[in-house]
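The values are calculated or read from the model by the stated rules, or taken from the named source; none is laboratory data. Everything numeric here is computed off the predicted structure, so don't read it as measured data. In this analysis, Cβ positions are derived from the backbone assuming ideal geometry, glycine residues included, and neighbour counts consider all displayed protein chains.
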Amino acid sequence: MTTARDDEVARRDATAELRQAHDVLAGLYAERLAGLLDQMPLERGILAAFCDLVRAAATGRAVETPTVGDLGCGTGRLAAYVMSHGIAVRGLDLSPEMVRVARREQPGLDVQVGDVRALPFGDGELDGAICWYSLMYLPPQDRPGAFAELARVVRPGGYVTTAWKVGDDSARRGGVSLGLGIGFDIWWMSQDELTGRFEEAGFEVAFWGGRPADPDEQQPQGYLIVRRSVHQRSIAERRD
(Lines give C-alpha, C1' and ligand atoms only; values in the text may rest on other atoms or scores of the structure.)
Protein backbone atom coordinates (compact mmCIF):
# COMPACT_ATOMS: atom_id res chain seq x y z
CA MET A 1 0.00 0.00 0.00
CA THR A 2 1.41 3.38 -0.99
CA THR A 3 1.21 6.44 1.21
CA ALA A 4 0.72 10.08 0.30
CA ARG A 5 4.45 10.57 0.85
CA ASP A 6 5.21 7.72 -1.57
CA ASP A 7 2.98 9.38 -4.17
CA GLU A 8 4.73 12.72 -3.69
CA VAL A 9 8.19 11.15 -4.06
CA ALA A 10 7.06 9.35 -7.22
CA ARG A 11 5.66 12.62 -8.59
CA ARG A 12 8.94 14.44 -7.92
CA ASP A 13 10.92 11.65 -9.56
CA ALA A 14 8.66 11.68 -12.64
CA THR A 15 8.92 15.46 -12.90
CA ALA A 16 12.71 15.35 -12.65
CA GLU A 17 12.81 12.60 -15.27
CA LEU A 18 10.64 14.64 -17.65
CA ARG A 19 12.70 17.79 -17.10
CA GLN A 20 16.02 16.03 -17.62
CA ALA A 21 14.79 14.23 -20.74
CA HIS A 22 13.65 17.47 -22.35
CA ASP A 23 16.92 19.14 -21.44
CA VAL A 24 18.54 16.43 -23.57
CA LEU A 25 15.95 16.81 -26.35
CA ALA A 26 16.01 20.60 -26.65
CA GLY A 27 18.64 20.81 -29.38
CA LEU A 28 17.10 17.94 -31.33
CA TYR A 29 13.64 19.53 -31.14
CA ALA A 30 15.01 22.86 -32.36
CA GLU A 31 16.55 21.13 -35.37
CA ARG A 32 13.72 18.77 -36.29
CA LEU A 33 10.76 21.05 -35.62
CA ALA A 34 12.15 24.18 -37.26
CA GLY A 35 9.74 25.28 -39.98
CA LEU A 36 7.37 22.39 -39.30
CA LEU A 37 4.37 24.66 -38.71
CA ASP A 38 4.83 26.09 -42.22
CA GLN A 39 4.07 22.60 -43.57
CA MET A 40 0.92 22.11 -41.47
CA PRO A 41 -1.98 24.23 -42.77
CA LEU A 42 -4.55 22.59 -40.49
CA GLU A 43 -2.57 23.41 -37.37
CA ARG A 44 -1.95 26.96 -38.58
CA GLY A 45 -5.65 27.37 -39.23
CA ILE A 46 -6.59 26.23 -35.73
CA LEU A 47 -4.03 28.53 -34.14
CA ALA A 48 -5.23 31.42 -36.32
CA ALA A 49 -8.84 30.78 -35.26
CA PHE A 50 -7.74 30.72 -31.62
CA CYS A 51 -5.93 34.04 -32.11
CA ASP A 52 -9.01 35.57 -33.75
CA LEU A 53 -11.19 34.48 -30.82
CA VAL A 54 -8.74 35.88 -28.27
CA ARG A 55 -8.49 39.20 -30.10
CA ALA A 56 -12.25 39.51 -30.52
CA ALA A 57 -12.82 38.90 -26.82
CA ALA A 58 -10.12 41.42 -25.90
CA THR A 59 -11.55 44.06 -28.26
CA GLY A 60 -14.76 43.99 -26.26
CA ARG A 61 -12.70 44.97 -23.21
CA ALA A 62 -10.70 47.64 -25.08
CA VAL A 63 -7.45 45.67 -24.72
CA GLU A 64 -5.04 46.66 -27.48
CA THR A 65 -2.68 43.65 -27.26
CA PRO A 66 -4.05 40.55 -25.55
CA THR A 67 -1.63 38.18 -23.82
CA VAL A 68 -1.63 34.38 -23.94
CA GLY A 69 0.54 31.85 -22.17
CA ASP A 70 2.33 29.21 -24.25
CA LEU A 71 2.41 26.52 -21.59
CA GLY A 72 4.93 23.83 -22.37
CA CYS A 73 6.35 26.08 -25.08
CA GLY A 74 9.41 23.95 -25.78
CA THR A 75 11.68 25.75 -28.23
CA GLY A 76 9.12 28.54 -28.72
CA ARG A 77 8.30 27.40 -32.23
CA LEU A 78 4.66 28.61 -32.08
CA ALA A 79 5.43 32.01 -30.59
CA ALA A 80 6.36 33.87 -33.77
CA TYR A 81 3.20 32.72 -35.54
CA VAL A 82 0.95 33.71 -32.65
CA MET A 83 2.69 37.06 -32.20
CA SER A 84 2.25 37.76 -35.93
CA HIS A 85 -1.50 37.77 -35.20
CA GLY A 86 -1.19 40.72 -32.82
CA ILE A 87 -0.97 38.75 -29.59
CA ALA A 88 1.71 38.92 -26.89
CA VAL A 89 3.09 35.56 -25.75
CA ARG A 90 4.47 34.52 -22.38
CA GLY A 91 6.24 31.18 -22.65
CA LEU A 92 6.65 28.58 -19.94
CA ASP A 93 8.45 25.24 -19.95
CA LEU A 94 9.54 22.72 -17.35
CA SER A 95 12.95 22.29 -19.00
CA PRO A 96 15.61 24.97 -18.41
CA GLU A 97 17.37 23.93 -21.61
CA MET A 98 14.16 24.29 -23.63
CA VAL A 99 13.81 27.79 -22.20
CA ARG A 100 17.41 28.59 -23.15
CA VAL A 101 16.83 27.39 -26.71
CA ALA A 102 13.52 29.29 -26.93
CA ARG A 103 15.31 32.51 -25.97
CA ARG A 104 17.92 31.84 -28.64
CA GLU A 105 15.42 30.89 -31.35
CA GLN A 106 12.91 33.64 -30.50
CA PRO A 107 14.86 36.70 -29.32
CA GLY A 108 12.77 38.90 -27.08
CA LEU A 109 10.29 36.17 -26.19
CA ASP A 110 9.14 36.41 -22.57
CA VAL A 111 9.80 32.84 -21.43
CA GLN A 112 10.57 31.24 -18.09
CA VAL A 113 10.94 27.88 -16.39
CA GLY A 114 7.72 26.73 -14.75
CA ASP A 115 5.16 23.99 -14.22
CA VAL A 116 1.56 23.93 -15.45
CA ARG A 117 0.54 22.54 -12.05
CA ALA A 118 1.68 25.76 -10.34
CA LEU A 119 1.49 28.56 -12.88
CA PRO A 120 3.43 31.77 -12.13
CA PHE A 121 0.59 34.06 -13.24
CA GLY A 122 -1.99 35.99 -11.31
CA ASP A 123 -5.71 35.22 -11.26
CA GLY A 124 -7.22 36.10 -14.64
CA GLU A 125 -3.91 37.52 -15.85
CA LEU A 126 -4.00 35.81 -19.25
CA ASP A 127 -6.43 36.34 -22.12
CA GLY A 128 -5.77 32.79 -23.25
CA ALA A 129 -3.39 29.85 -23.20
CA ILE A 130 -1.84 27.41 -25.64
CA CYS A 131 -1.15 23.85 -24.48
CA TRP A 132 0.28 22.33 -27.66
CA TYR A 133 1.13 18.68 -26.95
CA SER A 134 1.93 19.54 -23.32
CA LEU A 135 -1.05 18.15 -21.38
CA MET A 136 -0.14 14.57 -22.31
CA TYR A 137 2.56 14.60 -19.63
CA LEU A 138 0.02 14.97 -16.82
CA PRO A 139 -0.74 11.76 -14.89
CA PRO A 140 -4.42 11.36 -13.97
CA GLN A 141 -3.89 12.34 -10.32
CA ASP A 142 -2.34 15.68 -11.32
CA ARG A 143 -5.00 16.72 -13.81
CA PRO A 144 -7.57 18.27 -11.46
CA GLY A 145 -4.96 20.65 -10.05
CA ALA A 146 -3.46 21.51 -13.43
CA PHE A 147 -6.80 22.24 -15.08
CA ALA A 148 -7.85 24.29 -12.05
CA GLU A 149 -4.67 26.33 -12.54
CA LEU A 150 -5.61 26.96 -16.17
CA ALA A 151 -9.03 28.16 -15.04
CA ARG A 152 -7.43 30.39 -12.44
CA VAL A 153 -5.03 32.25 -14.74
CA VAL A 154 -7.26 32.56 -17.83
CA ARG A 155 -9.81 35.30 -17.35
CA PRO A 156 -13.53 34.55 -17.82
CA GLY A 157 -14.27 34.76 -21.54
CA GLY A 158 -10.69 33.83 -22.44
CA TYR A 159 -9.71 30.85 -24.57
CA VAL A 160 -7.42 27.83 -24.35
CA THR A 161 -6.33 25.72 -27.30
CA THR A 162 -4.63 22.36 -27.14
CA ALA A 163 -3.34 19.69 -29.51
CA TRP A 164 -2.78 16.14 -28.37
CA LYS A 165 -2.26 12.55 -29.45
CA VAL A 166 -5.60 10.76 -29.15
CA GLY A 167 -5.63 7.41 -27.35
CA ASP A 168 -7.15 5.37 -24.56
CA ASP A 169 -5.44 7.27 -21.69
CA SER A 170 -3.13 4.40 -20.81
CA ALA A 171 0.41 5.28 -19.74
CA ARG A 172 3.33 4.60 -22.02
CA ARG A 173 7.01 5.51 -22.22
CA GLY A 174 8.18 8.25 -24.51
CA GLY A 175 11.67 9.07 -25.73
CA VAL A 176 13.07 5.55 -25.35
CA SER A 177 13.18 4.78 -29.08
CA LEU A 178 15.51 7.73 -29.71
CA GLY A 179 18.41 5.84 -28.16
CA LEU A 180 19.53 8.80 -26.05
CA GLY A 181 19.24 7.05 -22.70
CA ILE A 182 16.10 8.94 -21.72
CA GLY A 183 12.49 8.04 -21.02
CA PHE A 184 9.38 9.64 -19.57
CA ASP A 185 5.72 8.83 -19.02
CA ILE A 186 3.04 10.11 -21.40
CA TRP A 187 -0.72 9.61 -21.64
CA TRP A 188 -2.53 9.77 -24.97
CA MET A 189 -5.90 11.01 -23.74
CA SER A 190 -9.30 10.36 -25.26
CA GLN A 191 -11.39 13.30 -26.40
CA ASP A 192 -13.95 12.57 -23.67
CA GLU A 193 -11.24 12.63 -21.00
CA LEU A 194 -9.76 15.92 -22.15
CA THR A 195 -13.03 17.76 -22.75
CA GLY A 196 -14.38 16.42 -19.46
CA ARG A 197 -11.40 17.81 -17.56
CA PHE A 198 -11.84 21.23 -19.13
CA GLU A 199 -15.59 21.28 -18.45
CA GLU A 200 -15.09 20.30 -14.81
CA ALA A 201 -12.65 23.19 -14.45
CA GLY A 202 -15.13 25.75 -15.79
CA PHE A 203 -14.53 25.80 -19.55
CA GLU A 204 -16.96 25.38 -22.45
CA VAL A 205 -16.00 23.63 -25.68
CA ALA A 206 -15.91 26.06 -28.62
CA PHE A 207 -14.34 23.71 -31.18
CA TRP A 208 -13.01 20.20 -31.41
CA GLY A 209 -11.62 18.30 -34.34
CA GLY A 210 -8.99 15.82 -35.37
CA ARG A 211 -7.18 14.09 -38.17
CA PRO A 212 -5.87 10.58 -38.86
CA ALA A 213 -2.26 9.76 -38.11
CA ASP A 214 0.25 10.67 -40.79
CA PRO A 215 2.52 7.83 -42.00
CA ASP A 216 5.23 8.86 -39.52
CA GLU A 217 2.82 9.18 -36.57
CA GLN A 218 1.56 6.48 -34.22
CA GLN A 219 -1.75 8.07 -33.22
CA PRO A 220 -4.55 10.30 -34.54
CA GLN A 221 -4.20 13.94 -33.54
CA GLY A 222 -6.85 15.95 -31.69
CA TYR A 223 -7.45 19.70 -31.52
CA LEU A 224 -9.58 21.61 -29.05
CA ILE A 225 -10.49 25.22 -28.32
CA VAL A 226 -12.32 25.94 -25.07
CA ARG A 227 -13.68 29.14 -23.56
CA ARG A 228 -13.44 30.04 -19.89
CA SER A 229 -17.06 30.37 -18.84
CA VAL A 230 -18.20 33.77 -17.64
CA HIS A 231 -20.93 32.12 -15.55
CA GLN A 232 -19.75 28.71 -14.33
CA ARG A 233 -17.27 28.82 -11.49
CA SER A 234 -14.12 26.74 -11.72
CA ILE A 235 -13.34 23.92 -9.29
CA ALA A 236 -10.92 26.18 -7.41
CA GLU A 237 -13.56 28.91 -7.05
CA ARG A 238 -16.22 26.45 -5.91
CA ARG A 239 -13.93 25.23 -3.13
CA ASP A 240 -13.53 28.74 -1.67
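Look through GLY74, GLY45 and report the one residue that is under 19 Å from TRP164 (Cβ atoms), touching a strand residue (DSSP E or B) at 6+ places or on another chain (Cβ under 8 Å) and either surrounded by fewer than 21 Cβ atoms within 10 Å (Cβ to Cβ) or not β-branched (Val, Ile, Thr) (or both).
GLY74
Residue under question is ARG100, and the condition is that it be under 22 Å from GLU31 (Cβ atoms) and in contact (Cβ under 8 Å) with a residue 24 or more places away in the chain; does it hold?
Details: under 22 Å from GLU31 (Cβ atoms): yes; in contact (Cβ under 8 Å) with a residue 24 or more places away in the chain: yes.
Yes, satisfied.
Looking at segment 200-220, which of its residues are in contact (Cβ under 8 Å) with a residue 24 or more places away in the chain, surrounded by fewer than 20 Cβ atoms within 10 Å (Cβ to Cβ), not small (Gly, Ala, Ser) and not in a loop (DSSP other than H, G, I, E, B)?
Of everything in segment 200-220, those that are in contact (Cβ under 8 Å) with a residue 24 or more places away in the chain, surrounded by fewer than 20 Cβ atoms within 10 Å (Cβ to Cβ), not small (Gly, Ala, Ser) and not in a loop (DSSP other than H, G, I, E, B) turn out to be GLU200, GLU204, PHE207, ARG211.
Can you spot a residue in segment 67-88 that is out of contact with any Phe, Trp or Tyr (no Cβ under 9 Å at 6 or more places or on another chain) and acidic (Asp, Glu)?
So far as segment 67-88 goes, no, none of its residues is out of contact with any Phe, Trp or Tyr (no Cβ under 9 Å at 6 or more places or on another chain) and acidic (Asp, Glu).
Residue check, GLY181 against (1) closer than 19 Å to ARG55 by Cα; (2) more than 13 Å from the chain's Cα centre (by Cα), all met but one. Which one?
Against the list (1) closer than 19 Å to ARG55 by Cα; (2) more than 13 Å from the chain's Cα centre (by Cα), GLY181 comes up short only on (1).
Can you pull out every residue in segment 129-178 that is small (Gly, Ala, Ser), on the phi < 0 side of the Ramachandran plot, modelled with pLDDT of 95 or more and in a strand (DSSP E or B)?
Selection gives ALA129, GLY158, ALA163.
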